[in-house]
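Structure, as structure tokens:
A short reminder: the numbers here are calculations on the coordinates, not readings from a lab. Just so we're clear, the structure is a prediction, and the values are computed from it rather than from any experiment. Here the Cβ is made from the backbone with ideal geometry for all residues, glycine too, and neighbour counts use every protein chain on show.
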Amino acid sequence: MSLKIGGTIEKVNGKELFYSEFAEKYLAGNQPVLLTGLMDDWIASKHWVSSNGQPNIIFFPTHFGKSKVQVADCDTREFTDQKRIEMSVSEFVNHWLQGSKENHDVNGKSVLYLKDWHFVKEYPEYQAYITPLFFTDDWLNLYLDNYHMHDDLDADRVSNDISCSDYRFVYMGAKGSRSWTPLHADVFRSYSWSANVCGKKKWLFLPPQQFNLLFDRNMKNTVYNIFDDISETEFPGFKKAIWLECIQEQNEIIFVPSGWYHQVHNLEDTISINHNWFNGYNLSWVWDLLLRDYKEAKEYIEDIKDICDDFEGLCQRNLAANTGMNFNDFFIFISRFSLANVVELYYLRGELNSENSIWHCSAIIEHFALNLSSIRKTALKMKSEGVKGNLGIINLLETLSDPKFLKLCTGLGRIYSVIREEENWSCTMKKALMADFAKYGSQVCSPEDLITFIDYAVSKLSSNCDEQNPLLSVLYEIQPHEQN
């Protein structure tokens, strides 16, 4: 069955693109884009690439040879992914070099593809690259630098992928039609970006609005390889799918939005750097996709509902296994970030607000307000869609005393000082700036609690502001003349 290609991905010079333009068109719009001009100064672009433009493959066993990595056997399917093998970087490079001599893609031997190498975590002192400005607003990896996505250790053991400490990866794959990644949407239904340090890839994209075309009649199995001979009887909607195609060259970065299904093939020997991430711009997308996946997971096991002691708990465990997190994980995540954004606003008020002028002139204030607005709207969605009860307890005062949370706050502050190009912030303890919340004293346990907390915090922050207040205007979408 031939694919319907409906167009290509837009290519933009990243040096000529303002952050605000990228955020509005691609982050908020949830649209893919190919960016150029952002990798010129990367150490990886020098150390990892030979003078002829090919991967400097020998560099890796020399400097990182003992690292244990996950390698995909591209010819062997295991459930919805490729079979994974653990080996050292040296072993992988030896296999790569042997394959180059014997042309494995032709003679039928296994094609191995190194994936999900947690390079940043393993070698923090070796700064292979600088995350481009457009992707630095990364709540996911900031969070995982300080917390597990699952507090339940048993849940962590369900899947190594789910319990990973970060989602900043290096990939290495040889050229050929059999060096590839099967059709999928990214873990957590996050954004992702992928930078080709060297080599060339072919991407095929399908937007989330068409995801149902990829499933079989029972909505239980999805297409694995879009270039297989797909049965129209088993997958009746697949032939209606309209794909976007993208050829990614060396030194180009592709942005993959939330929930977009994609399949990727290495057209040349390729080394890439990849991040999964999300932030305030796509929280609503993440929630919508998480809810959709929950309903599918629930329907899938509906026939055992009457004999299951904890059917809802089973649904949530299946959801976490399939997407990387469940409702509880997501709620704890957005609750901690709501408090972190509030802490930063209190800190800025104490540092900068000798007069109330900062509440209408500082772009960074507006960005924190946008973050809170996104969290609040997402909580409202959760509430309106019937998500009730205790999703997890966030005790405000205990959280403020947690060193991990203070590190989260400091990291969040550093992110926005870069994006907004304002003065670097000091590492002053933020806890003292939350004295107001000693009186609040509530635990945040539900979407309704979270909405109440955000409203309370904003009212406190705005209580002494007589001038136009961007917190109120952004959070509640109030026009200036309504602020009386």
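When Lys and Arg each count +1 and Asp and Glu each count -1, what net charge do the other residues less than 15 Å away from Asp145, Cβ to Cβ, add up to?
Value of the local net charge: +1.
Evaluate E = 1/(1 + (r/R0)^6) for Ser442 and His184, where r is the Cβ-Cβ distance and R0 equals 56 Å; express this FRET efficiency to the nearest 0.05.
Rounded to the nearest 0.05, the efficiency is 0.90.
Can you compute the modelled spin-label distance between Glu385 and Glu125, with each label point 7 Å from Cα toward Cβ, in nm?
Between Glu385 and Glu125, the simple spin-label model gives 4.6 nm.
Any chance you could run the full-extension gain for Ala363 through Asp73? It's 0.36 nm times the residue separation minus the Cα-Cα distance, nm to one decimal.
Numbers: separation 290, 0.36 × 290 = 104.40 nm, distance 4.79 nm.
Gain on stretching Ala363 to Asp73: 99.6 nm.
In degrees, nearest 10, range 0 to 90: what is the angle between the Cα axis of helix 327-352 and the longest Cα principal axis of the chain?
Here the helix axis deviates by roughly 50 degrees.
How high is the FRET efficiency from Arg217 to Gln31, r the C-beta distance, R0 25 Å, rounded to 0.05? Before the final figure, lay out the partial values.
Details: r = 31 Å, r/R0 = 1.23.
In this case the efficiency is close to 0.25.
Once amide H atoms are placed 1.01 Å from N in the peptide plane, what residues at a sequence separation of 5 or more from Val49, or on another chain, have their amide H within under 5 Å of its amide H?
Close amide H contacts, sequence-distant or interchain: Asn56.
Could you work out how far helix 447-462 tilts from the main Cα principal axis of the chain, as a 0 to 90 degree angle to the nearest 10?
50 degrees
Along the Cα-to-Cβ line of Ser177, 7 Å from the Cα, sits a label point; which residues in the stretch 191-218 have backbone N less than 19 Å from it?
200-205
Lys and Arg at +1, Asp and Glu at -1: add these up for the other residues within a Cβ distance under 15 Å of Ile304 and post the number.
With Lys, Arg at +1 and Asp, Glu at -1, the net is -3.
If each residue's Cβ is checked for other Cβ atoms within 10 Å, how do Lys201, Lys298 rank with the fewest at the top?
Lys298, Lys201
Could you grab the Rg to Rh ratio for the chain? Cα atoms only, Kirkwood for Rh.
Numbers: Rg = 23.6 Å, Rh = 24.1 Å.
Using only Cα positions, Rg/Rh for the chain is 0.98.
Within 10 Å, count the other beta carbons around each residue, average over each peptide in 122-129, 206-213, and list them highest first.
Top of the packing list down: 206-213, 122-129.
At 0.890 mPa s and 25 °C, plugging the Kirkwood radius over alpha-carbon pairs of the stretch 266-315 into Stokes-Einstein gives what diffusion coefficient in µm²/s?
172 µm²/s
Note down the nm distance, to one decimal, between modelled labels 7 Å out along Cα→Cβ at Asn225 and at Thr452.
Taking the simple label geometry, Asn225 and Thr452 are separated by 5.5 nm.
Can you compute the modelled spin-label distance between Ser2 and Arg414, with each label point 7 Å from Cα toward Cβ, in nm?
According to this spin-label approximation, the distance is 5.3 nm.
Per residue of the chain, what 222 nm ellipticity follows from adding -39500 (n - 2.57) for every DSSP H run with n ≥ 4, rounded to the nearest 500?
Calculated mean residue ellipticity at 222 nm is -11000 deg cm²/dmol.
Of Ser442, Ala72, Leu290, which is farthest towards the positive pole of the chain's charge dipole, taken about the Cα centre with +1 and -1 on the beta-carbons of Lys, Arg and Asp, Glu respectively?
About the Cα centre, the residue reaching furthest to the positive side is Ala72.
What full-extension length gain, to one decimal in nm, is calculated for Leu133 and Lys202 as 0.36 nm per residue of separation minus the Cα-Cα distance?
22.4 nm
Compute the helix-to-body angle for 311-323: its Cα long axis versus the longest principal axis of the chain, expressed 0 to 90° and rounded to tens.
60 degrees
Quick one: go through the stretch 34-76 and flag any residue whose amide nitrogen is under 17 Å from the point 7 Å out along the Cα-to-Cβ line of Ser88.
Answer for the stretch 34-76: 58-71.
Relative contact order of the chain, please, whole-number percent, based on alpha carbon pairs below 8 angstrom and at least 6 residues apart. Before the final figure, lay out each step's value.
Numbers: 821 pairs, mean separation 80.5, N = 484.
The value is 17 percent.
Do the alpha carbons of any pairs in Lys66/Lys201; Lys295/Lys381; Lys11/Lys201 sit beyond 18 Å of each other, and which pairs?
On the way: Lys66/Lys201 28 Å; Lys295/Lys381 16 Å; Lys11/Lys201 15 Å.
With Cα atoms farther than 18 Å apart: Lys66/Lys201.
Which of Lys15/Lys121; Lys121/Lys407; Lys220/Lys305 have a Cα-Cα distance over 21 Å?
Exceeds cut-off: Lys15/Lys121.
What does the charge dipole of the chain about its Cα centre add up to, to the nearest 20 debye, if the Cβ of each Lys and Arg holds +1 and the Cβ of each Asp and Glu holds -1?
Numbers: 46 positive and 66 negative charges, 130 e Å.
Once rounded to the nearest 20, the dipole reads 620 debye.
Near the amide H of Asp75, under 5 Å away, which other amide H atoms are found, from residues 5 or more places off or on another chain, if H is placed in the peptide plane?
Residues meeting the criterion, in which the H sits 1.01 Å from N, are Val111.
Using 0.36 nm per residue, how much length does the chain from Gln210 to Tyr300 gain when fully extended, once their Cα-Cα distance is taken away?
Numbers: separation 90, 0.36 × 90 = 32.40 nm, distance 1.98 nm.
This chain segment gains 30.4 nm when fully extended.
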